[in-house]
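The next block holds one structure in the form of structure tokens; read it before the comments.
Every read-out reported here was derived from the displayed coordinates using simple, explicitly stated rules and does not represent laboratory data. Because the structure is a prediction, the values reported are computed rather than measured. Every residue, glycine as well, gets a Cβ built from its backbone with ideal geometry; the counts of neighbours run over all protein chains shown.
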Amino acid sequence: MKPTPHIYALTNSSLLFDASHLDAKDKLSIQKKIWALTNHCKSTDEFTDLVPAMNSLTLYLKSDKDLNKWLQALPLLWDDIKSSTFKGQHHLIETTYNGEDINYVANYHNLSTDEVINIHSKAKYHVLFLGFQPGFAYLHGLDEQLHTPRRDEPRVRVPKGSVAIGAAQTGIYPADTPGGWHIIGHTNTSLFDSTSAQPCLIQPGDTLEFVPLVNKGATHD
Amino acid sequence: MIKVLKSGVLLTIQDFGRVGYRHLGVSKAGSLDPFAQIIANKLLNNNDNDAVLEITVGLCELEFTCDTVIALHGADLQATLDGQAIYPGWTYAVKNKQVLSFGTGRAGLRAYLAVKGGIQNTEVMGSKSTDLNARFGGIEGRALTTGDEIPITPYYGEFIKVGAIAPAQRKLIRLYPSPHANLLGKPLLDTFAATAYKVSTNSNRMGVRLEHNKNSLVHSHSLPSLGVSPGSIQLPPNGDPIVLLNDGQTTGGYPLLGTVIEADLHQFAQFRPLDTVEFKYVTFEEAAQAKQKLDGHLHQLSLALKNNL
């Protein structure tokens, strides 16, 4: 029998839909179904918040009265939903690859910095979900050649716009924050602006790629 | 306007906080003791969600630059108005140039100050609350400091003195069951519920950390990130539970011991470091009844005030 998602009532008005045990090999396909499920639930207008995470979705209901209905409906919806129904936006993140750790990352993998830039910028990344801080996207798609253990000592301040690598993940810091990832570049693209009508550029399920900018400050003697 | 003469330990502007942005990683923020906010606002015939000042520990001094009416609720932090003692649960008329000072209290941690008409700072993403981590909302996204001017609307109208008692404080916190019961196992969950905890000094608006001297809650499980919210109780591998509060993150990878019921979550606003906390799992029906009881208390207050204001 094929495994089924676990569904828990967390409170009288919130549910956890957990599909993280379904398929260890194809996390991305499961995540696409999570985005499609999220979209469907959003269209009903019965939730205050819908929070996709790693192969799971936490649902916060407007009314306690709808809890049992959704406990029963979610497994059926999951069977019906196709991963292909969700289409996110694609973003181009212009990046200057001059981060203070780019040489470290290159040396660690016996690559040149140009090779690091090529590998990092040729991939298409999926935004699995957001968390940690406003606008911080957990990205899927970092080439294994660039997987790099986190820094032994986290930096007290990683500047806003830093493009970084931590273990099997790459990401962009939307604001100044402490962080233990290796900084390989910087983008001027604003990921989060609380005063904007659309505060967050990137949404769960979007895709993005990094577009290398030539570092105009560099001189070649 | 209210001028901050002394900001004390932590002084912030809060309302009910932000809803609808958790999928972008945006925390709720908002008053940790929303019932204190609601009661203080009701006493002034404000909207329940009007912004208030959250005063942590006390030791702050505020000067009014216009007339208004205020209501205090939450912890008794030994407030005085021009040297005269004033008490939580009551309304007071305030005149231009008067100074409101807070000492500190023996019980409870946070006091709430509502002003007639509410605090008038700009809304950001649907709320006036201060998000201290992401640094937006309130005034410049930060705790208030000496010299800040808090915008309020002057009020010269009539004033009827009214008061209201607060819902009872309790140390036995009721919980919804753990979604990770299979992973953590019954012995661990039984031990968790049978243990008395001390509130760690390392607690803040993000979460209350709980200490104890057993090592039977230590574990080595790591989970794919899942959505968490105020009231989620995380169990990191070191075995010291964390009760997430309003400034907590939106996702996390620690197993959950359960969720604090809606009616009891506000108690964490008032626990002080080294206070004792205990937990008890309850059914979904019991959680719903406890919430109804609290809503009933507030409804009765609204009715009583309607006849008086």
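Table for the structure above
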| item | result |
| --- | --- |
| Relative contact order of chain A, pairs being alpha-carbon contacts under 8 Å that are 6 or more residues apart, as % | 21 |
| Under 19 Å from the Cα of A:Lys87 - lysines, other chains or at least 8 residues apart | A:Lys27, A:Lys32, A:Lys33, A:Lys42, A:Lys124 |
| Within straight-line cross-link reach of B:Lys116, aspartates and glutamates at Cα separation under 17 Å, skipping those fewer than 8 residues along the same chain | B:Asp15, B:Asp48, B:Asp50, B:Glu54, B:Glu63, B:Asp67, B:Glu149, B:Glu158 |
| Mean Cα-pair separation over length for segment B:9-136, i.e. relative contact order, pairs under 8 Å, 6 or more apart, % | 33 |
| Cα principal axis extents for segment A:1-150, largest first, Å | 58, 36, 27 |
| Note, ³J(HN,Hα) from phi for segment A:60-66, Karplus 6.51, -1.76, 1.60, rounded to Hz, x at Gly and Pro | 10, 7, 6, 10, 4, 4, 8 |
| Choice from B:Gly137, B:Gly239, B:Gly248 with maximal GNM fluctuation in chain B (Cα, 10 Å cutoff) | B:Gly239 |
| Residue among B:Lys186, B:Lys171, B:Lys280 with the largest mean-square fluctuation in a Gaussian network model of chain B, springs linking Cα atoms under 10 Å | B:Lys186 |
| Between 0 and 90°, nearest 10: helix B:34-43 axis offset from chain B longest Cα axis | 20 |
| Proximal aspartates and glutamates relative to B:Lys186, as straight alpha-carbon distance under 19 Å, when same-chain residues fewer than 8 apart are discounted | B:Asp240, B:Glu278 |
| About the Cα centre, charge dipole magnitude for chain B (Lys/Arg +1, Asp/Glu -1 at Cβ), debye | 340 |
| Sequence-distant residues sharing a close amide H with A:Arg150 (under 5 Å, placed H) | A:Ala167 |
| Which of B:Ala288, A:Phe17, A:Val163, positive extreme of dipole for the protein assembly as shown (C-beta unit charges) | B:Ala288 |
| Whether segment B:40-103 is rounded, prolate or oblate, judged on the alpha carbon gyration tensor where a/c under 1.5 counts as rounded | oblate |
| Most positive-pole-ward Cα, B:Leu274, B:Gly83, B:Val26, against dipole of chain B from beta carbon charges | B:Leu274 |
| Simple Cβ-charge dipole of segment B:1-144, Lys/Arg +1 and Asp/Glu -1, about Cα centre, in debye nearest 20 | 180 |
| Relative contact order (percent, whole number), chain B, Cα cutoff 8 Å, 6+ residue spacing | 20 |
| Positive minus negative residues near B:Gly58 (Lys, Arg vs Asp, Glu; Cβ under 15 Å) | 0 |
| Computed [θ] at 222 nm, deg cm²/dmol, chain A (DSSP H ≥ 4; -39,500 (n - 2.57); rounded to nearest 500) | -6500 deg cm²/dmol |
| Mean ellipticity per residue at 222 nm, deg cm²/dmol - from DSSP H runs of n ≥ 4 across chain B, formula -39500 (n - 2.57) | -4500 deg cm²/dmol |
| Acute angle (nearest 10 degrees) that the helix B:284-306 long axis makes with the longest principal axis of chain B, alpha-carbon atoms | 10 |
| Dipole magnitude of the protein assembly as shown, debye to nearest 20 (Cβ charges: Lys/Arg +1, Asp/Glu -1, about Cα centre) | 820 |
| Positive dipole terminus of segment B:96-181, leading residue within B:Thr146, B:Gly157, B:Phe102 (C-beta point charges) | B:Phe102 |
